[in-house]
Amino acid sequence: MYSFDIDKVKETLDVDPSPGLSSDEVANRLAEYGPNKFEEQKKKTIFGMFMSQIKDPMIIILIVAAIISVVLKEVSDAIIILAVVLLNAVIGVVQEAKAEKSLDALKKLSSPLALVRRDGEVKEIHAEELVPGDIVLLEAGRVVPADLRLISSVNLKIEESALTGESVPVEKDANLVCEGEVPLGDRLNMAYFSTAVSYGRGEGIVASTGMNTEIGKIARLISEADDSLTPLQKRLADLGKLLGV
């Protein structure tokens with residue numbers, strides 16, 4: 001949307017900013033796009049995280065080696081092997097727990113309330129109820145409740161460190177039209193989910209909600225990172241199978 005002018009954005013999202021969306025249209029779009037929130041992932045228990053760490057073929061081989069050491073009365077060897085297995089499992093559980101905490105932190109950044117114009121009236125609603133095409137009003141102190149294409153801005157500055165790492169608030173320009181691929185930090189006609197309005201006021205049309213927002217994409221990457229293996233982990237798994245054979 002950052003490469004569209006304001007008229008094209010209105011046409012694409014099929015909305016007139018003056019009255020905003022009607023209640024019937026909101027209901028239709030909510031059914032189509034779903035609520036404006038992150039997908040809930042089933043959380044693993046500590047025991048589940050621990051068990052997932054010892055399923056690795058290399059770890060199973062070490063456990064078998066420890067059992068054989070006990071049978072051969074090499075107790076010191078068994079203790080060392082089990083200590084290594086336990087340490088590896090603990091480190092793995094800690095890493096998984098950190099990833100889940102990162103995802104929880106992103107969820108806490110989301111805005112619980114949003115100021116919108118619907119049916120010709122300005123009202124405050126839960127941010128989860130926002131849909132693409134909603135007209136959102138921004139003012140200092142509010143958190144941006146979805147990814148917005150700005151349609152008006154008056155001295156509007158937004159702090160976007162959650163996305164770009166830039167601690168200095170960025171001055172926005174609703175009339176700007178970006179050409180070609182533009183880095184996220186330079187899209188001055190956009191306001192992004194979970195960033196904070198530090199100065200001024202403005203209006204924007206919701207362009208993306210939930211997991212389709214920029215912060216939602218980060219949340220998806222974090223949630224998927226738990227189950228993906230690094231190249232080193234894959235090679236170690238292959239080595240473990242080879243040693244097992």
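The residues of segment 4-56 that are exposed (fewer than 15 other Cβ atoms within 10 Å of the Cβ), touching a residue at least 60 places away in the same chain (Cβ under 8 Å) and among the small types (Gly, Ala, Ser), listed by number, are SER18, SER22, SER23. Going by what's in this entry, would LEU163 be described as of a type in the set (A, V, I, L, M), in contact (Cβ under 8 Å) with a residue 12 or more places away in the chain, more than 17 Å from ALA114 (Cβ to Cβ) and part of a helix (DSSP H, G or I)? So LEU163 fits the description; yes.
Can you tell me which residue within segment 194-222, out of those that are free of Cβ contacts under 8 Å to residues at least 60 places away in the same chain and within 14 Å of LYS157 (Cα to Cα), is surrounded by the most Cβ atoms within 10 Å (Cβ to Cβ)? The extreme case among them is THR195.
Return the residue satisfying two criteria in turn: it lies in segment 126-150 and is charged (D, E, K, R) and over 14 Å from THR209 (Cβ atoms), and of such residues it is surrounded by the fewest Cβ atoms within 10 Å (Cβ to Cβ). Ranking the candidates gives GLU139 first.
Elements of the type helices (runs of 4 or more DSSP H) sitting completely within segment 1-57 and holding at least 1 residues that are at pLDDT below 90: these cover 46-53. Here is the figure for segment 166-193: residues that are open to solvent by less than 60 Å² (accessible area, probe 1.4 Å) and either among the polar types (S, T, N, Q) or farther than 23 Å from HIS126 by Cβ (or both) total 13.
The values are calculated or read from the model by the stated rules, or taken from the named source; none is laboratory data. Small disclaimer: the values here were computed from a predicted structure and weren't measured. Glycine gets a Cβ as well: all are built from the backbone with ideal geometry, and neighbour counts include every protein chain shown. When the accessible area is computed, the model is the full protein with side chains, heavy atoms only, and any ligands, DNA or RNA have been set aside. Shrake-Rupley method; radii C 1.70, N 1.55, O 1.52, S 1.80 Å.
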